[in-house]
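Peer 1: A single structure is presented below for examination.
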Amino acid sequence: MLAPTEEVTAKNLQAAGMTSADADKYAAAYEINRAAAKQAQQNDVMNGFGSNGGEEFLSYLQTGEGMIMSKDDGWKKWYDNVSGRLLSIQNNDGSWNGHHCITSPVFCTATAVLILSVNRDIDRLLAVKQPQQHN
């Protein structure tokens, strides 16, 4: 039996009962997720192309939700960063719009509001990730 603090590796996953193929797949996915969470915090990623289109807003939303669902405590730093950026580009009338590709103020405002309120969805996001119980 492995301790909960053991490193996630293919070898440890096999020791926990996974097949070799599944252990390799899950260990690789774990490493990719760790690298992506780290990269999401970098300024060059946050700055994108220097202007925001709706796809950046959507990417921010998915990143925040994903970090919460994977219980990555780095989401708090990420949230402070992205929420500050969003507030700095908000239009005078309270809306947001994209500057390339997806420019719709309706889409961008709705997505920005979802991003800014993602901290209120933590319990719901964590519940989505929970495996279904079959009785």
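Quick note: the coordinates plus some simple rules give every number you see, no bench work behind them. These numbers were taken from a predicted model, which means no experiment stands behind them. Reconstructed Cβ throughout: ideal geometry from the backbone, glycine too, with neighbour counts over all protein chains shown.
Peer 1: When the Kirkwood radius is taken over all Cα pairs of the range 1-40, what Stokes-Einstein diffusion coefficient follows at 20 °C and 1.002 mPa s, in µm²/s?
Peer 2: Values: Rh = 10.5 Å.
Approximately 204 µm²/s, per Stokes-Einstein.
Peer 1: Give me the percent relative contact order of the range 1-40, please, defined on Cα pairs under 8 angstrom at least 6 residues apart.
Peer 2: Value for the range 1-40: 33 percent.
Peer 1: Neighbour counts of other C-beta atoms within 10 Å: give me 77, 71 arranged from fewest to most.
Peer 2: With the sparsest Cβ surroundings first, the list reads 71, 77.
Peer 1: For residue 77, give me every one of the aspartates and glutamates with a C-alpha distance below 19 angstrom, ignoring sequence neighbours fewer than eight places off in its own chain.
Peer 2: 44, 56, 65, 121, 123
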